[in-house]
Amino acid sequence: MTAGTIDAMLPARPGLLAWLPRGVVWLVLVGVVALCAASGATVASYATLAAIYVVVGLSMNVVLGYTGQLSLGHQGLVGAGALLAAYTSTAHHAPFVVALLFGALAGGISSLVVGFVALRISGLYLSLVTLVFGVTLQQSLFQVTSLTGGGAGEPANRPPVLLSNSRFFLVCVALAIGTIYIDYRLTHSKAGRALKAIKADERVAASMGINVVGYKLFAFVLSGLLAGVAGAALAFSSQEFNGGDYSFNLAIIFVLMTVVGGAGSPVGVIVGSIFFALLNNLLPTLRPFVWFAQLFPENTANNIQQFGPGFIGALLLLLTLTFNPGGIAQQLAPVIRWLTGGRWRERDHAASA
């Protein structure tokens, strides 16, 4: 095979002119982030939630997307991080960064407990164990009077420099970017390849010399650390911790945004996380949705406003599993390939060979 043949088989790199439209799209995306920071407290608060959900989604993706382990108790890890961050910042006056680290520690330790269980079981039994773990945390640790004041909750006051929703949004964007970088390093490392091999077949992975037990435990702990950071950010976002906020319904939302986004695809999970953050928190407040609900009798209208986002999420899950197993990532694949310098259609590579 000659050098010219090899060059012909490689995908052509876009020239400067080809990068110009891609650069415009990237600038628009950066502009959207800047606009959210400058659009006032309300917009910044929704954008903050979306950024935090990105961290949660990517943490969930480590276990579900890369390792193939379904966790139904992820809200427990997020809640543990939120609780310890709020407690250390209020009771011990810990600085904001230290509280974030304690939140990560809480999520990591909690996931370590689940990870030890995951070493022996998988599939349905693991899902049930994680479900019980999350619900138990919500009904026990999250209600301890000395930590949370019972149902009164625990304050999580931001430092004066971050009282502005716009500034706090930028901090959460930084956390999301840091999580994206960690995810990128993971997927391009030996550990990431090992996790994907375990997802494909644990026995085959073990026969290849992969430490299945060690890598599964690593996946759970890394997922928990990121979930704990997200939980700490959630607590500071609302400036309080309330155990009732971390219910099983939240765990279902985390699963939905990962699966509908495209489990295993970071970009798909990011888009899915943003979508579900806005669906469950912004949609019920939008006037068109409220007007639509008011077309029905009062009781029905209240049910539509309360359960409408959940119904839409369930419908999207059904459509994803039935018609689009790759989720949002499958639909966005040509766009992402183009934005990162590739061709719009994969078959163009074969045509250029």
ask   = At a Förster radius of 22 Å, what calculated FRET efficiency corresponds to the Cβ-Cβ distance of Phe307 and Thr145, to the nearest 0.05?
value = 0.10
query = Considering every pair of different Cα atoms, what Kirkwood radius, in Å, is found for segment 267-323?
reply = 12.3
Segment 123-226: translational diffusion in µm²/s, Stokes-Einstein, Kirkwood Rh over Cα pairs, 25 °C, 0.890 mPa s = 141
message = How much accessible area per residue does the chain have, counting only protein heavy atoms and a probe of 1.4 Å, in square angstrom?
response = 51
key: Most positive-pole-ward Cα, Gly209, Gly178, Ser223, against dipole of segment 176-235 from beta carbon charges   = Gly209
query = In degrees between 0 and 90, to the nearest 10, how far off the longest principal axis of the chain does helix 96-118 point, with axes built from Cα atoms?
reply = 70
task = Could you list the square roots of 5 times each eigenvalue of the Cα gyration tensor of segment 82-180, that is, the equivalent ellipsoid semi-axes, sorted largest first and rounded to whole Å?
result = 29, 19, 11
ask   = So how tilted is helix 327-339 from the main axis of the chain? Cα-based, degrees 0 to 90, rounded to 10.
value = 50
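Counting pairs of Cα atoms in segment 196-344, how many percent are more than 22 Å apart?
For segment 196-344, the share of Cα pairs beyond 22 Å comes to 58 percent.
If I compute solvent accessible area with a 1.4 Å probe over the protein chains, what percent of it on segment 211-275 is carbon and sulfur?
Carbon plus sulfur share of accessible area: 68 percent.
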inquiry  = To test your reading of the geometry: what angle, between 0 and 90 degrees and rounded to tens, separates the Cα axis of helix 165-187 from the longest principal axis of the chain?
reply    = 50
ask   = Label point 7 Å out from Leu339 along Cα-to-Cβ: which residues of segment 255-290 have amide N under 18 Å?
value = 258, 260-278
query = What ranking do 322-335, 81-94, 294-307 get when scored by the average of other Cβ atoms within 10 Å per residue, highest first?
reply = 81-94, 322-335, 294-307
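Ignoring ligands, DNA and RNA, please state the percent of accessible area on segment 130-198 from carbon and sulfur, probe 1.4 Å.
Details: 2350 of 3610 Å².
About 65 percent, which is the carbon plus sulfur part of the accessible surface.
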remark   = A convex hull over the alpha carbons of segment 176-251 yields, per residue, a volume in Å³ of 107
key: Most to least packed among 180-187, 108-115 [average Cβ atoms within 10 Å]   = 108-115, 180-187
request  = Take the Cα atoms of segment 290-336, find their three principal axes, and give me the spread along each one in whole Å, biggest first.
outcome  = 44, 21, 13
note = Here D for the chain, in µm²/s, from Stokes-Einstein with a Kirkwood Rh over Cα pairs at 4 °C and 1.567 mPa s, works out to 60
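The values are calculated or read from the model by the stated rules, or taken from the named source; none is laboratory data. No experiment lies behind these values; they were computed from the predicted model shown. Cβ sites come from the backbone with ideal geometry, for glycine too, and all protein chains shown count toward neighbours. To get the accessible areas, we keep the full protein, side chains included, count just its heavy atoms, and leave off ligands, DNA and RNA. Shrake-Rupley method; radii C 1.70, N 1.55, O 1.52, S 1.80 Å.
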